[in-house]
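Reading through the structure tokens given below for one structure.
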Amino acid sequence: MLYSLLRPLLFRLDAEQAHRWTLSLLDAAHGLGVAPFLTSKLAPAHVEVMGLNFPNAVGLAAGLDKNGEHVDALASLGFGFIEVGTVTPRPQPGNPRPRLFRIPQASALINRMGFNNLGIDRLVHNLSRARYRGILGINIGKNFDTPIDRAAADYVTCMRKAYPVASYICVNVSSPNTPDLRQLQSADELQRLLATLKAEQAVLSRAAGRYVPLTVKIAPDVSGQQIESIARSLLDHGVDGVIATNTTVARTGVEGLPHGDELGGLSGAPLRERSTAVVRGLRSALGKRIPIIGVGGILHPEHAVEKIAAGASLIQLYSGLIYNGLGLIAECARCSRRSA
């Protein structure tokens, strides 16, 4: 109810400005102790995935809190887990503004943010000050100016620094807004990258005395053959989970609409079926050996059920929160529990 009143005001602002303003409001609400009242209370519905005990199956997708500055406020809203980032070794400003666009007629967003973030050191510092002790994913990427043949070094740098504070680490090889990044999804490139990162995970695990699962986030713009190739790489290297999917470069569903032809990744309602198809294809190729986190186009509780029916063990939200508000968290958690 409250969001239905706020949304018209937020939508009058530039999308990126509204994003910052909303997070500031959430921080203020958390500081006053009223943030939990913005959503419905949830009874725990624990889900065991990747050796981690999730309070419920609904998480926050990466991209909303890139620098881990708002984790405590976001966690108070009832998420079963939080994923922050994408973070890179060095700070970078991302692409020029404007770079985030709403398409309300299609309940969609287009972004070309370009991994704008303050760097892994600032992220870890911010997380060290947070009180949140729930499940935290850290989404890592490469700097825009790192050549693709040296990308693994960037991921290793981020992994080493994130390892002490992460519950799991997600390797982002699927953003369409960093040049050539999606090349890392190709068979040979992915095999090499995963071999490096799994070896590093083993070293870090022994040194820390704890095992932090490693996941990979893939694009929705992959064919059936590519899905099978990616699945083989994940299985070959014993990756702990896969997140499906990132945003799409397709424009189906927004043709002819204002901002529909902007460069960047499309998310929201038009992504839903494409993302769910990838989840379904991965589950067919992986069997039950690797869990899937389903994300993309979840705007209503029945969409969460759809992702789980397709093979996801967990789901994540982002665009749906912008269009339908914070009540979506509890609604999806209840439906996910019933459908599990």
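All of the numbers you see were taken from the coordinates with simple rules; none came from a lab. As the structure is a prediction and not an experimental result, all values here were calculated from the model. Quick reminder, even Gly has a Cβ in these numbers, built from the backbone with ideal geometry, and neighbours come from all protein chains shown.
Structure notes:
- The chain: Rg to Rh, with Rh as the Kirkwood radius over Cα pairs: 0.93
- Taking amide H atoms as placed 1.01 Å from N in the peptide plane, the amide H of Leu317 lies under 5 Å from those of Gly59, Leu60, Ala61, each 5 or more residues away in sequence or on another chain.
- When the alpha carbon gyration tensor of region 1-144 is reduced to an equivalent ellipsoid, the three semi-axes, largest first, read 24, 22, 15 Å.
- Distant-in-sequence amide contacts of Phe144, defined by a placed amide H-H separation under 5 Å and a gap of 5 or more residues or a different chain, comprise nothing.
- In units of the rule-of-thumb radius 2.2 N^0.38 Å, region 222-295 shows an alpha carbon radius of gyration of 1.24.
- Helical content of the chain, expressed as a calculated mean residue ellipticity at 222 nm, amounts to -12000 deg cm²/dmol (DSSP H runs of 4 or more residues, -39,500 (n - 2.57) each, divided by residue number, nearest 500).
- Contact order, relative form, for the chain: 17 percent (alpha carbon pairs under 8 Å, 6 or more residues apart, mean separation divided by residue count).
- Once backbone amide H atoms are built at 1.01 Å from N, Asn117 has Gln92, Gly94 as its partners under 5 Å, excluding neighbours fewer than 5 places away on the same chain.
- Counted by Cβ distance under 14 Å from Ala207, the other residues give a net charge of +3, where Lys and Arg count +1 and Asp and Glu count -1.
- What the phi angles of region 99-106 give under the Karplus curve with 6.51, -1.76 and 1.60, with θ = phi - 60°, is a coupling list of 9, 9, 9, 8, 10, x, 4, 10 Hz, glycine and proline written as x.
- Arg131/Ala208 FRET efficiency (R0 22 Å; Cβ-Cβ; nearest 0.05): 0.55
- Length gained when the stretch Arg90-Trp21 is fully extended (0.36 nm per residue, less Cα-Cα span): 22.3 nm
- Extension gain, Asn53 back to Asp149 (0.36 nm per residue minus Cα-Cα distance, nm): 30.9 nm
- Each residue of region 262-270 is assigned a 3J(HN,Hα), and the resulting list reads 5, 6, x, x, 8, 10, x, 3, x Hz, derived from the Karplus form 6.51 cos²θ - 1.76 cosθ + 1.60 (θ = phi - 60°), x at Gly and Pro.
- Pairs of Lys in the chain closer than 19 Å at Cα, counting only those 8 or more apart or on different chains: 11
- Each residue of region 143-157 is assigned a 3J(HN,Hα), and the resulting list reads 5, 4, 9, 7, x, 4, 6, 10, 4, 4, 5, 5, 5, 5, 4 Hz, derived from the Karplus form 6.51 cos²θ - 1.76 cosθ + 1.60 (θ = phi - 60°), x at Gly and Pro.
- Within-14-Å neighbourhood charge of Ser284 [Cβ basis; K, R +1; D, E -1]: +4
- Between His46 and Asp261, full extension at 0.36 nm per residue minus the direct alpha carbon distance yields a gain of 73.3 nm.
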